[in-house]
Amino acid sequence: VDFIEGLSPAVSIDQKGATRNPRSTVGTVTEIYDHLRLLFARVGVPHCPNHGIPIVAQTVQEIVDQIQNYSDGARVLIVGPLVRDRKGEHQQLLVTARRGGFARVRVDGVVRDLSEDITLDKMKKHSVEVVVDRFVVHHGTEAEADRARLTDSVETALRLGEGLALVADADGKVPERLFSERLACPEGDFSIGEIEPRTFSFNSPHGACPACTGIGTRLEPDPELILANPDLSVREGAVLPWQREKSTAAYRMAILIALARKVGFSLDTPVQDLSKKAIDAILHGVGGPLKLSYENRSGNKRSYEVDFEGVVGWVERSHTETTSDFTRIDLERYMSERPCPTCGGARLKPETLAVKIGDKNIVDVSRLSVLESIDWVGLLERERGGPFGSRERKIARQVLKEIRQRLGFLKDVGLDYLTIDRAATTLSGGEAQRIRLATQIGSGLMGVLYI
């Protein structure tokens, strides 16, 4: 062949396995979840996670009342947030704070004097807050005398924080509380800051569940893997995690002997024949110390008391504290992935889940299949019978259009049965290939041949 013309540029899409990133989902790969985050940030209605009612703005006096409800004698810092988790050196903010007559700032949770030379790494995220006042809460007659000062401090903090103020316990005994001039529960003590797309990201500390860091699952010791062979007795090595370290075998056995003596079971009885009380004692420990004596490798006998946390507690602590990748991987043989007990697998903070459109939060929408999601988007686009008024519909129109297009591409390639929150690691090679094809089609290239 000497000459060929008219061929379109070709893009080859391999049928390879999906990503191994546990955070990656169908929604993140296709950018559908990114547009959902934008949609909920712009037109979602925040609710109180404790009372389930819509959140409303708080007045300065309501904020003052809640601070004065702190325990008598509590020492608190009234701070105005200037920047929250943003990269940069933020030198201009520090200069402005000095010129404003303030003496201290809190940088990444540490109170610093503004007379110091404060240098921040511009490549890392920082939180900078001006310390407006250090206040001791009083009850009774002194409370009224302090009210004017506290009101002035709260107003200043809200002005600096553009509607947000933080109250931190100087002694660290009470968690910090964020007060918002704009969004707060009228029935309780819950406030929420500005709602942004990153509020709904499980890859950002602003939105991710703090317990599982946005993974949705946690590795927890599994009793069935720890005592995987119930035909063996404890003396024969039924406690599998403790069989891997020969150097501490005598010490571990001394603990088990002391435990058997205290609870009343035999180390020579197969685990399957032990009582529930005995198995619980092995796995979760017992109240009070154990008196044990053992002979070390040098032949010296030692006797003392130890607290026994149980094998489950030992596995969990060792997995958390070890700096050895080999040890961590070895311990994971006795652990199983379970839904995070804090977020229930939703990956996000409770306040994030309390932002709703209609009766659904962003996780509810993510758990819909592609076909169900198309119906949900159609409901939002209705001029009559939908949850949006004319203003919200105008704000959401372009975002809904992008979401509908991407959902349509997934439907066109035969993936209408997938849910948006489906983990990318669970996709077959063909499903992953068709998702990449749908993503390429969505890019809007003209005259391209896909192979």
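Computed from the coordinates by the stated procedures, all read-outs in this text should not be read as laboratory data. Since the model is a prediction, treat every value here as computed from it, not as a measurement. Here the Cβ is made from the backbone with ideal geometry for all residues, glycine too, and neighbour counts use every protein chain on show.
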Two-decimal log10 I(q)/I(0) for the stretch 60-193, as the Debye equation yields it once each C-alpha is a single scatterer, q = 0.09, 0.13, 0.16, 0.21 Å⁻¹: -0.26, -0.54, -0.80, -1.28
So, with +1 on the Cβ of K and R and -1 on the Cβ of D and E, and no other charges, what is the size of the charge dipole of the chain about its Cα centre, to the nearest 20 debye? 480 debye
Electrostatic dipole magnitude of the stretch 199-279 [Cβ: Lys, Arg +1; Asp, Glu -1; Cα centre; debye, to 20]: 340 debye
Three-way shape label, the stretch 126-283, alpha-carbon gyration tensor, a/c 1.5: prolate
Distance histogram in 5 Å bins (all Cα pairs of the stretch 377-451, percent per bin): 3, 13, 21, 18, 15, 14, 9, 5, 2
Find out how many positive minus negative residues lie around A424, taking Lys and Arg as positive, Asp and Glu as negative, among other residues whose Cβ is under 12 Å from that of A424. +2
Using the Cα centre of the stretch 60-193 as the reference point, and only Cβ charges (+1 on K/R, -1 on D/E), how large is the resulting charge dipole? Debye, rounded to the nearest 20. 660 debye
Summed over the other residues with a beta carbon less than 13 angstrom from that of C340, with K and R at +1 and D and E at -1, the charge totals +2
Quick shape check on the chain: root eigenvalues a ≥ b ≥ c of the Cα gyration tensor, a/c under 1.5 is rounded, otherwise prolate if a/b tops b/c, else oblate, and it reads oblate
Residue-averaged [θ]222 nm for the chain, counting only DSSP H segments that reach four residues, each worth -39500 (n - 2.57): -10500 deg cm²/dmol
Given K87/K360; K125/K394; K360/K394, the pairs whose alpha carbons are separated by over 27 Å: K87/K360; K125/K394
For the stretch 223-335, list log₁₀ I(q)/I(0) at each q in 0.11 Å⁻¹, using the Debye formula over Cα point scatterers of equal strength and ignoring solvent, two decimals each. -0.35
Charge dipole of the chain built from unit charges on the beta carbon (Lys, Arg +1; Asp, Glu -1), centred at mean Cα; most positive-end Cα among I282, L94, I32 is I32
Just going by the charge dipole of the stretch 223-335, with Lys and Arg at +1 and Asp and Glu at -1 on Cβ, which of T320, S298, G237 is farthest out on the positive end? S298
Straight-line reach from K411: which aspartates and glutamates have a Cα under 18 Å away, not including same-chain ones fewer than 8 places off? E31, E372, D375, E402, D421, E431
The stretch 223-335 - percent relative contact order, Cα under 8 Å, separation 6 or more: 25 percent
